[in-house]
Amino acid sequence: MNWAVIIPLLIFVAIVFVIGIWSNRKMASSSSFLSDYFIGSREFGGLILAMTMVATYGSASSFLGGPGAAYSIGLGWVLLAMTQVATGYFVLLILGKKFAIVTRHYKAVTLIDFLGKRYKSTSVVMISAISIIIFLFSAMVAQWVGGAYLIQSLTGLSYVSALFIFSISVLIYVTIGGFRAVALTDTIQGIVMFFGTLILLIAVVVAGGGLNNIFADLMAENPNLVTPYGQDGQLTNLYVSSFWILVGVGVVALPQVAVRAMSYKNSKSMHRALMIGTIVVGFIMLNMHLIGVLARPVLPGIEVADQVIPMVALEVLPPVLAGIILAAPLAAMMSTVDSLLLLVSSSVVKDIYINYIKPDANRNMVKKLSMGVTGIIGVIAFLLSINPPELLIFLNLFAFGGLEAAFIWPLVLGLYWKYANKYGAIASMVAGISSYIGIHFYNQAYGDLLGVDTVTIPVFVSLIVFVLFSLLFKQQPYYFPLKEQTVNHNS
Amino acid sequence: MSQSAKEDKRFKIAHREALIGCGLAVFNIIWWYGFAYGFGSKSPDEYTFILGFPAWFFYSCIVGFIVMVILVWGVVKFALVEVSFGDEEDESDEVKSA
């Protein structure tokens, strides 16, 4: 055990717990448990909003899998990662003000609330709830595995004990604190990541004897590492560009991101979040992936790609600093897991249980149920992570792509196209998910269809299906209801 | 007062800002793609290096990021309009689970 590394980590975890407890107190004084637990009563300012988006999105894939891939593939992977800069401004501008106004009016606290009220359809709600539960659950397990690996490589504990520690801390934290706690720690974590990646990048460049030296070494080892095409020339420009859909613009449809676009306090905080979000997301993605590439000459021959960042940090930094900086990926994973866990449990509690099983559940009951369901889902994730699937990043991306294919058009067209209706939404979700799964397995067996990432084709298929079915079963144009026109089940 | 006129006005602003978002993304993609594959597709031996980085990477990823930050700043500062999100009074009328 390396205590100089572990102590800063422990301090970090302790701070996170204090925030959870503080949030829990604050929640006790709030008038609405559901709204506070799941979206923090819509009172977040710009910094918190930006950071919680960044931290949720910048998950294990960007902190371990991403730099690990950059380590073996080279600068081409950094190029690919930079498609994510768009998430900083695109989500907030597209969902932006209209989503905020409409969800407030609907009193929606989840993406599914919005879809349910926009399309007035049980099938839409059920399909979305089930896809959120399945896909986000698999994303969450990937993060869970990543968290355990990280603790394992830092402490030398066995995988299962590391997993156990990670699960316990996440669970206690989320079940007591809710969204407010998650968003607040996201902010701290975002700040740690921002400075952490910068320090680590500088340390790696210094350890490698400067950029010129490092690039000369890379060129000498394999010139492909400094091209946009990957170490074997395997990244075509079409393939890399298709990531604009998966990790750039498609992110708009991820429920964990969309829910954050309901939680801002006012226009001012949204504007500030746009600015901060773009800077932070771009900065962290650029640094983190660059570290992966530049670490190659410094620390050659790392076999498990996910361990590149922890190993490099331990190699090039003094132990205490490494501990603080490794709190960043751990933080990233915790915050992603936290918010995914919350979303899955909100789908179960809010979208299924309260909507269809017991609309008149009282506050205390809802509270116990929310915490209980969150806990149970966490335990299941723990059990599944004991025998983890191989490649973290791809499992994670599978979930992202599936959700994007399912939700992008029902969300975006539901918001902006008045002829969007439930037939279009249902058909598009079914077509999106099934073509996504189909193409996923096709691509695994025969290589990428048309040379693009798995999500690309389903996104176009679901668009066409959406428009076609909406027009086929054409209904009255939909106008968002004005004040006091909807009958709300819980008022 | 005419509630619908107010809604329409807010939505109009929102629609305009969504279009700005699309515009930014299109610009971002063109910049990113143009420099990466414009400068990066020759043989690595012929690469020029700027501040230690290969030119394609420097312009596409580093300068491109800075340009986007400046553009987003400009949009936030000059193009976005502040509107109220609530249904006027009773801002805090969240879901009550009682």
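The values are calculated or read from the model by the stated rules, or taken from the named source; none is laboratory data. Not measured: the values here are computed from a predicted model. Quick reminder, even Gly has a Cβ in these numbers, built from the backbone with ideal geometry, and neighbours come from all protein chains shown.
Points to keep in mind about this one:
- Residues that are more than 15 Å from A:ASN237 (Cα to Cα) and part of a helix (DSSP H, G or I), drawn from region B:44-60: B:PRO44, B:ASP45, B:GLU46, B:ALA55, B:PHE58, B:TYR59
- Helices (runs of 4 or more DSSP H) fully within region A:277-388 that include at least 1 residues being surrounded by fewer than 21 Cβ atoms within 10 Å (Cβ to Cβ) and aromatic (Phe, Trp, Tyr): A:363-385.
- Total residues in region A:93-112, condition part of a helix (DSSP H, G or I), buried (at least 24 other Cβ atoms within 10 Å of the Cβ) and more than 8 Å from chain B (Cβ to nearest Cβ): 4
- Filter result (small (Gly, Ala, Ser) and part of a loop (DSSP other than H, G, I, E, B)) within region A:403-422: A:ALA420
- Test: residue in region A:231-251 that is touching a strand residue (DSSP E or B) at 6+ places or on another chain (Cβ under 8 Å) and either modelled with pLDDT of 85 or more or away from every other protein chain (no Cβ under 14 Å) (or both): no
- Residue satisfying all of: in region A:185-199; over 16 Å from the mean Cα position of the chain (by Cα) and touching a residue at least 40 places away in the same chain (Cβ under 8 Å); farthest from A:GLN256 (Cα to Cα) among these: A:ILE199
- Residue selected from region A:280-338 under the condition touching a residue at least 40 places away in the same chain (Cβ under 8 Å) and of a type in the set (Asp, Glu), by the criterion farthest from A:GLY156 (Cα to Cα): A:ASP338
Here's the yes/no breakdown for (1) buried (at least 16 other Cβ atoms within 10 Å of the Cβ); (2) in a helix (DSSP H, G or I); (3) more than 27 Å from the chain's Cα centre (by Cα); (4) modelled with pLDDT under 85:
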position	(1), (2), (3), (4)
B:ILE13	yes, yes, no, no
B:ALA25	yes, yes, no, no
B:TRP32	yes, yes, no, no
B:LYS42	no, no, yes, yes
B:ILE66	no, yes, no, no
B:TRP73	no, yes, no, no
B:GLY86	yes, no, no, yes
B:GLU89	no, no, yes, yes
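- B:ALA55 closer than 13 Å to A:LEU75 by Cα and more than 7 Å from chain A (Cβ to nearest Cβ): yes
- Residue, nearest to the other protein chains (Cβ to nearest Cβ), within region A:193-205, restricted to residues that are crowded, with 21+ Cβ neighbours inside 10 Å and among the aliphatic types (A, V, I, L, M): A:VAL204
- Here is the figure for region B:65-80: residues that are free of Cβ contacts under 8 Å to residues at least 60 places away in the same chain and at the interface with another protein chain (Cβ under 7 Å from one of its Cβ atoms) total 6.
- So A:LEU80, is it more than 7 Å from chain B (Cβ to nearest Cβ) and in a helix (DSSP H, G or I): yes
- Restricting attention to region B:19-44 and to residues that are of a type in the set (Ser, Thr, Tyr) and more than 7 Å from chain A (Cβ to nearest Cβ), the residue that is nearest to A:MET82 (Cα to Cα) turns out to be B:SER41.
- Among the numbered conditions (1) in contact (Cβ under 8 Å) with a residue 40 or more places away in the chain; (2) under 30 Å from A:VAL459 (Cβ atoms); (3) within 14 Å of chain B (Cβ to nearest Cβ), the only one that A:SER138 does not meet is (3).
- Some residue of region A:240-251 being in contact with a Pro (Cβ under 9 Å, 6 or more places away or on another chain) and farther than 30 Å from A:ILE6 by Cα: yes
- Test: residue in region A:437-448 that is crowded, with 17+ Cβ neighbours inside 10 Å, within 25 Å of A:LEU93 (Cβ to Cβ) and within 24 Å of the chain's Cα centre (by Cα): no
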